[in-house]
Each structure stands twice: as C-alpha cells, then as structure tokens.
Amino acid sequence: MKIDIAEAIKSTGEEFTAQLHGALPDIEFLGERYTFPDGVDVRLSWRYDGEGVIVTGRLDARIPVRCARCLAEFTYTIGADFAEYYKKQPEEGMYAYEDETIDFTQMLEDNVVINLPSKLLCREDCKGLCSRCGADLNKGDCGCGPETDGTNPFAGLSDKLK
Ligand SMILES: [Zn+2]
Ligand SMILES: [Zn+2]
C-alpha cells in the first residue's frame, strides 16, 4: 500500500488525507501466521514538516486466529491508531520513503504486531480444554471432576477443611 507524497512535499505544512482498502501480506510472528483474508482498512493523514513526513491514522482489520485456551478458531478484530515519521534518511525509530512515495506496508505490519494481545482468547472467560480428557469445557462439564493428582495447590487445603 502506497501514497504519493509529492504534493505534500511541495506544500509544507498542508495536510492530506486518504481512506484506503488493500491487501496486507501475511505476518509471521512468534511461530504464528496471521492473515488478512478481507484486506485492511486504513485512514491516513500526512503532512510534510520541511524535513520529513508525519503520518497519522488508523488501521482496522479482521484476523482469523486460534484461541490460546480452547484452540477454537475465531475472528479477532484489530483497531490500531498510529503516528509515525518518515524521512528520506531515517534515524532510529523512523521509517524511510523513496522517490516521493511512502510504502507503508511495513509500518502497518509493525502496528498489527504491537497491538496483538499476548494471549488471544475466544472470550475473556474461556474455560479451555480439560487437562485430562481434552474436552472443550465451554461446551459443558466432561465429567472428569476436579483435579486430584496433587498438582492443585488447593487440594491439601480442601482436605483440612473437611
Ligand atoms: Zn477459547
Ligand atoms: Zn475431562
């Protein structure tokens, strides 16, 4: 995804905006692959400040993911606000532009990764899978009963309470 910034560079300080819909390449992150089957929606504003281009905006996308607890597939909706700085000769923490064009694909991917929760859950109170039989506990009790193998830190306590 690209924007032409030639006009902005000619008119320092003036703000330009665009609303775009496009494809984003798959992201590989911590052994997981994230895809964007519906593409992504991007709102962008940019202006040249005499040295570089300030780009602000928002990215919205729907990403098919797997629940970290019960392994069910669900769609995670990501919404990321960003504010970035582009320069021809970027310094640390900046992005580079070339030929009066900004390709902001990498920046969008970085913002997706930053905004992904460390644990993706199908719902906040997902009960996960039974550690003994593997049943999905969201669909009801599997009948295994509470853990009694000693790994439960409260097992001894319930004995004392009896
Ligand atoms: Zn789940
Ligand atoms: Zn079970």
Do we have any residue at all in segment 90-99 that's within 11 Å of the chain's Cα centre (by Cα) and either surrounded by fewer than 19 Cβ atoms within 10 Å (Cβ to Cβ) or closer than 18 Å to Gln19 by Cβ (or both)? no
The listed residue being assigned by TED's automatic domain parsing to the domain that holds Pro90, without any contact (Cβ under 8 Å) to a residue 24 or more places away in the chain and not small (Gly, Ala, Ser), out of Asp38, Asp26, Asp49: Asp26
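For (1) within 16 Å of ligand 1 (Cβ to nearest atom); (2) more than 30 Å from Cys67 (Cβ to Cβ), each residue gets a yes or a no:
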{"site": "Asp81", "(1), (2)": "no, no"}
{"site": "Glu91", "(1), (2)": "no, yes"}
{"site": "Glu98", "(1), (2)": "no, yes"}
{"site": "Thr101", "(1), (2)": "no, yes"}
{"site": "Glu109", "(1), (2)": "no, no"}
{"site": "Leu120", "(1), (2)": "yes, no"}
{"site": "Lys127", "(1), (2)": "yes, no"}
{"site": "Gly134", "(1), (2)": "yes, no"}
Name the residues in segment 28-84 that are among the small types (Gly, Ala, Ser) and within 22 Å of Lys10 (Cα to Cα), would you? Ser45, Gly50, Gly52, Gly57, Ala83
Restricting attention to segment 9-26, does a residue exist that is in a loop (DSSP other than H, G, I, E, B), touching a Gly at 6+ places or on another chain (Cβ under 9 Å) and surrounded by 14 or more Cβ atoms within 10 Å (Cβ to Cβ)? yes
Within 30 Å of His21 (Cβ to Cβ) and either not in a loop (DSSP other than H, G, I, E, B) or not small (Gly, Ala, Ser) (or both), is that true of Arg58? yes
For segment 107-137, which residues satisfy the criterion of being in contact (Cβ under 8 Å) with a residue 40 or more places away in the chain and either of a type in the set (Phe, Trp, Tyr) or part of a helix (DSSP H, G or I) (or both)? Met107, Leu108, Glu109, Asn111, Val112, Val113, Leu137
Which numbered condition Asp81 misses (of (1) modelled with pLDDT of 90 or more; (2) more than 17 Å from Val40 (Cα to Cα); (3) loosely packed, with under 15 Cβ neighbours inside 10 Å; (4) among the acidic types (Asp, Glu)): (2)
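The values are calculated or read from the model by the stated rules, or taken from the named source; none is laboratory data. Everything numeric in this text was worked out from a predicted model, so none of it was measured. So basically every Cβ, Gly included, is an ideal-geometry build from the backbone, and we count neighbours across all protein chains shown.
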